[in-house]
Amino acid sequence: MKNTALTDLHISLGAKMVPFAGFNMPVQYTGINDEHETVRNGVGVFDVSHMGEFILKGEKALDLIQKVSSNDASKLYDGKVQYAYLPNENGGIVDDFLTYKLDDETYLLVVNASNIEKDWNWISKFNTFDIDMKDISDKTALLAIQGPKAAEALQSLTDIELASMEYYTFQKGKFAGVDNVIVSATGYTGAGGFEIYVANEDVKTVWDAIFTAGAPYGIKPIGLGARDTLRLEMGFCLYGNDIDDNTSPLEAGLGWVTKFTKDFVNSENLKSEKEAGIQKKLVGFEMIDRGIPRHDYEIVDADGNIIGRVTSGTQSPTLKKSVGLGYVNNAFAKEGTEIYINIRNQKVKAVIKKPPFVK
């Protein structure tokens with residue numbers, strides 16, 4: 001089991017630790033609902049240092065990214081972030097990831113913790129451009145400071161104008177007295193906020209400074225449990241649950257980051273799939289009757305015929321009702337359609353609802 005640079009700190013704070021993607025990670029401190037609420041209405045800090053980071057550097061770095069990425073990275077400018085996925089050659093998804101453009105020859109790719117080695121090998125396979133690739137995952141810590149009070153709570157720690165940063169942009173600068181920190185206006189909660197990339201040896205200094213500056217705003221440490229409920233309220237995909245090596249990106253609703261204006265891995269087949277039309281799609285749903293939908297539960301129609309399966313589900317702390325994501329046949333994908341989830345052999349009523357569930 002790998003540790004992050006802050007594992008001992010989380011244990012000393014009384015966090016409940018669990019294995020996640022090969023790392024020893026805090027799942028909760030005071031409780032998922034309390035932590036969820038803190039982020040939705042105030043500000044909280046996640047240690048997400050288990051995520052992977054690769055630096056791609058070279059004259060043709062963009063060419064390599066264009067080959068492996070579904071999105072059009074030529075649209076990036078210095079300081080811009082882009083969401084995309086790595087298509088595999090069988091119509092599925094190797095991973096979803098972020099591309100940061102540092103300059104014309106230097107890019108940072110941020111990948112999911114469970115896929116670091118797989119993604120590295122996949123991208124390396126297409127590196128016929130003599131690009132210098134560095135895996136800096138083990139040296140890099142990542143803190144996500146999320147919530148509507150994040151900018152206010154952090155502003156005293158940096159000269160970067162946090163409140164005016166546009167969504168999906170980043171700046172490099174001094175933060176909490178540490179040089180060369182990447183401050184990114186990104187996150188996985190829908191509550192606003194920032195992600196801070198810093199070297200392992202500096203992360204404790206940064207963490208302490210954040211908690212001192214954030215104290216008047218009620219800042220708290222937040223575990224992965226609340227990260228999951230927060231992302232689900234927004235309908236954000238989780239790799240391994242909602243998308244994987246065998247799911248179609250078009251069925252998963254990732255057509256918006258699939259740009260056929262260029263050639264990329266499996267682009268011809270994906271184009272054909274789009275032209276032929278998909279048969280099922282990833283939808284959001286809210287439970288009408290009581291019951292919590294879980295990964296892999298069957299979705300059925302009124303007669304009990306299987307029409308799909310649940311990929312993610314939880315009790316929404318904000319809505320006080322259960323919500324989920326799942327793939328269903330097209331005929332049942334329209335908003336407002338009633339469906340049923342098979343929970344312990346009982347048909348439990350739900351309704352198709354377009355995410356985000358919490359506005």
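A few remarks follow.
Yes or no, residue by residue, for (1) on the phi < 0 side of the Ramachandran plot; (2) among the aliphatic types (A, V, I, L, M); (3) in a strand (DSSP E or B); (4) surrounded by 15 or more Cβ atoms within 10 Å (Cβ to Cβ):
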residue: THR4; (1), (2), (3), (4): yes, no, no, yes
residue: ASP8; (1), (2), (3), (4): yes, no, no, no
residue: GLY14; (1), (2), (3), (4): no, no, no, no
residue: MET17; (1), (2), (3), (4): yes, yes, yes, yes
residue: VAL27; (1), (2), (3), (4): yes, yes, yes, yes
residue: HIS36; (1), (2), (3), (4): yes, no, no, yes
residue: ARG40; (1), (2), (3), (4): yes, no, no, yes
residue: HIS50; (1), (2), (3), (4): yes, no, no, yes
residue: LEU56; (1), (2), (3), (4): yes, yes, yes, yes
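- Pair list, Cβ under 7 Å, 6 or more apart: region 333-357 residue on the phi > 0 side of the Ramachandran plot, other residue aliphatic (A, V, I, L, M) and at pLDDT 95 or above: GLY336/VAL351; GLY336/ILE352
- Scanning region 254-262 finds no residues that are in contact with a Lys or Arg (Cβ under 9 Å, 6 or more places away or on another chain), among the small types (Gly, Ala, Ser) and not in a helix (DSSP H, G or I).
- Members of region 227-238 found to be buried (at least 20 other Cβ atoms within 10 Å of the Cβ) and either touching a helix residue (DSSP H, G or I) at 6+ places or on another chain (Cβ under 7 Å) or modelled with pLDDT under 95 (or both), listed by number: THR229, LEU230
- Qualifying residue in region 92-101 (condition: of a type in the set (Gly, Ala, Ser), crowded, with 20+ Cβ neighbours inside 10 Å, on the phi < 0 side of the Ramachandran plot and in contact (Cβ under 8 Å) with a residue 12 or more places away in the chain): no
- Residues of region 245-267 satisfying the condition of being out of contact with any Asp or Glu (no Cβ under 7 Å at 6 or more places or on another chain) and surrounded by 11 or more Cβ atoms within 10 Å (Cβ to Cβ): ASP245, THR247, PRO249, GLU251, GLY253, LEU254, GLY255, VAL257, THR258, PHE260, PHE264, SER267
- Of all positions in region 309-320, none carries a residue that is within 25 Å of ASN71 (Cα to Cα) and in a helix (DSSP H, G or I).
- Residue among GLU251, GLU233 that alone is part of a helix (DSSP H, G or I), assigned by TED's automatic domain parsing to the domain that holds ILE65 and among the acidic types (Asp, Glu): GLU233
- Scope region 284-308; condition touching a residue at least 40 places away in the same chain (Cβ under 8 Å) and either in contact with a Leu (Cβ under 8 Å, 6 or more places away or on another chain) or assigned to a strand (DSSP E or B) (or both); matching residues: GLY284, PHE285, GLU286, MET287, GLU298, ILE299, VAL300
- Only one entry in ALA191, ALA151 is farther than 19 Å from THR212 by Cβ, outside any strand (DSSP E or B) and either basic (Lys, Arg) or in contact (Cβ under 8 Å) with a residue 12 or more places away in the chain (or both), namely ALA191.
The values are calculated or read from the model by the stated rules, or taken from the named source; none is laboratory data. The structure presented is a predicted model; accordingly, all values stated were derived computationally and were not measured. With ideal geometry, Cβ positions are generated from the backbone for all residues, glycine too; neighbour counts draw on all protein chains shown.
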